[in-house]
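Read-outs throughout are calculated quantities, based only on the coordinates presented, and are distinct from any laboratory measurement. Computed from a predicted structure; not experimentally measured. In this analysis, Cβ positions are derived from the backbone assuming ideal geometry, glycine residues included, and neighbour counts consider all displayed protein chains.
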Amino acid sequence: MSHPPHDPSDETGGKMRVESIFDHVKMVRTHKVSGVVNLPEFREVLQGIYAHRQFNPDMNALWDLRHADFAGVAPEDVRSLMQIVVTNWNRNGRCRAAIVVAGMAPYGISRMYESQFGVAAPCKIKVFLDVNLAWKWFEASDDTVDAMASRPLRK
């Protein structure tokens, strides 16, 4: 039996939604994005996160994009988002940012985003297909993070 492909807009009525949780004990802020990504709204969300009273630039960031639809976001839009992150985070810290996506197409696009940051990145950035691997990456020592797999390896 086949199922129709997952449509992130089904869960939000098509509107973009971002839920953020700041966990000061684990030093992780989690952002769950769902629905169709609207670039002007996403810019406002990013600026709001960096201006939030609970924002700590040393916190790790988990961006859960598994239920987000970025189909309408162009490459020049990604560069614009990167500029917002670099300008507002204003940090070159020891923190890590994990981007979790669902599927190989979003994985590839997100890896391009990761590589475009280069030395301008405010922290270490890695794209994952598995949220559990992202959490393990946060917990890993600095010596092992670069060698960690970002997607489950085939047996």
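3J(HN,Hα) along region 121-129, derived from phi through the Karplus expression 6.51 cos²θ - 1.76 cosθ + 1.60 where θ = phi - 60°, amounts to 4, x, 6, 6, 10, 8, 9, 10, 9 Hz, with x in place of Gly and Pro.
Shown for R79, R29: other C-beta atoms within 10 Å of each C-beta, ranked fewest to most, produce the order R79, R29. When only alpha carbons of region 22-85 are considered, Rg and Dmax amount to 12.5, 36 Å.
In terms of surrounding Cβ atoms within a 10 Å radius of their Cβ, E44, E139 rank from fewest to most as E139, E44. Given H placed on each backbone N at 1.01 Å, which residues far from I125 in sequence or on other chains put an amide H within less than 5 Å of it? Long-range HN contacts for I125: A97. Here region 9-140 is treated as a Stokes sphere of Kirkwood radius computed over C-alpha pairs; at 4 °C and 1.567 mPa s its diffusion coefficient rounds to 87 µm²/s. Close amide H contacts of G14 (hydrogens built in the peptide plane, cut-off under 5 Å, sequence separation of 5 or more or a different chain): V36. Residues S34, S115, arranged from fewest to most other Cβ atoms within 10 angstrom of their Cβ, appear as S115, S34.
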